[in-house]
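The values are calculated or read from the model by the stated rules, or taken from the named source; none is laboratory data. Just so we're clear, the structure is a prediction, and the values are computed from it rather than from any experiment. Using ideal geometry, Cβ is built from the backbone for each residue, glycine included, and neighbour counts are taken over all protein chains shown. To get the accessible areas, we keep the full protein, side chains included, count just its heavy atoms, and leave off ligands, DNA and RNA. Shrake-Rupley method; radii C 1.70, N 1.55, O 1.52, S 1.80 Å.
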Amino acid sequence: MKQSAHLVSRTLGMLAKEIKPGITTLHLDKLAYEFIKDNGGEPAFLGYGGFPNSLCISPNEQVVHGFPNKEEVKEGDVLSVDCGAILNGFVGDHAYTFEIGEVKPEVKKLLQVTKESLYKGIEQCVRGKRIGDISHAIQSYCEGHGYGVVRELVGHGLGRKMHEDPQVPNYGRQGSGKVIKDGLAIAIEPMINMGTEKVKFHNDGWTVTTLDNQTSAHFEHDVAVINGKPVLPEIPALRIWKAKGKRPFSRYPEPRKAPADVAVPSE
């Protein structure tokens, strides 16, 4: 899994150099497809449950699962780019929300808090704690800043399949859920809204937007528990925080089933 996650991280790092006003998200999708294939991998999203692209790209009020298209990215947009790759039989799955040029201060803060909440969750991913400790850390941090924490979409286990147990909600009670043990591999992915936590599922079967059309942010890391501690199987390529006008330095449904990262209520 380390190698597949490494490839995803490199892909997002490559894309960060290309994201700028005027580029189309469909072009970014083409670049990602070629990069993953050229490096010996397969795009994990392409064809998954019928999804037609290699990336999910979700601008502004879109939360997740956006289709790449021919619309040009604009100054002041934010762009969630969710990427998956299969290499040596294992899946890597990361997401990053990029700033396009200069964004509004309140949007910048949303992205900052969402990214920080991801690491708050990762800090709880240690042997002996529970999944609910991760969930609670993310929820309490984001709601403490006045943001809405999406309920209907969650993180997940991963390995040889894109979506495995356990589900990893971004909300929950401390001390609840599955006990964390060595060998656990999960994707933690806060999906945080500027306003209400409520979302709208569109008729295309994929696109999810905020109900109030305010901005959403999405960051995702694969995390493995090794020797009792969280390990991030990625490279420093994602230390790229903003895409300006010049070159700068995630969920998917199984066929005929509900989306695998849509929360299933406990009985």
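Please go through region 144-159 and give me each residue that is over 14 Å from ALA217 (Cα atoms) and either assigned to a helix (DSSP H, G or I) or of a type in the set (A, V, I, L, M, F, W, C) (or both), ordered by number.
Selection gives LEU158 alone.
Does any residue in region 10-29 that is over 17 Å from GLY76 (Cβ atoms) and of a type in the set (A, V, I, L, M, F, W, C) come within less than 9 Å, Cβ to Cβ, of a residue that is in a helix (DSSP H, G or I) and at pLDDT below 95 six or more places away or on a different chain, and which pairs are these?
Sorted first by the residue in region 10-29, then by its partner, the pairs are LEU12/ALA237; LEU12/LEU238; MET14/ALA237; ALA16/ALA237; ALA16/LEU238.
Which condition from (1) crowded, with 22+ Cβ neighbours inside 10 Å; (2) under 16 Å from CYS56 (Cβ atoms) is the one that PHE201 breaks?
Evaluating PHE201 over (1) crowded, with 22+ Cβ neighbours inside 10 Å; (2) under 16 Å from CYS56 (Cβ atoms) leaves (1) as the failure.
Please enumerate the residues belonging to region 124-152 that are closer than 14 Å to ALA187 by Cα and buried (at least 23 other Cβ atoms within 10 Å of the Cβ).
Across region 124-152, the qualifying residues are CYS125, ILE131, ILE134, SER135, ILE138.
Testing THR207 on (1) at pLDDT 50 or above; (2) within 20 Å of GLY121 (Cα to Cα); (3) among the polar types (S, T, N, Q); (4) open to solvent by less than 30 Å² (accessible area, probe 1.4 Å), one condition comes back false. Which one is that?
So THR207 meets the others, but not (2).
Residues in region 161-191 that are charged (D, E, K, R), open to solvent by 20 Å² or more (accessible area, probe 1.4 Å) and either at pLDDT below 95 or closer than 18 Å to GLU220 by Cβ (or both): how many?
Count: 3.
Residue under question is PHE45, and the condition is that it be more than 16 Å from the chain's Cα centre (by Cα) and more than 21 Å from GLY76 (Cα to Cα); does it hold?
Details: more than 16 Å from the chain's Cα centre (by Cα): no; more than 21 Å from GLY76 (Cα to Cα): yes.
In short, no.
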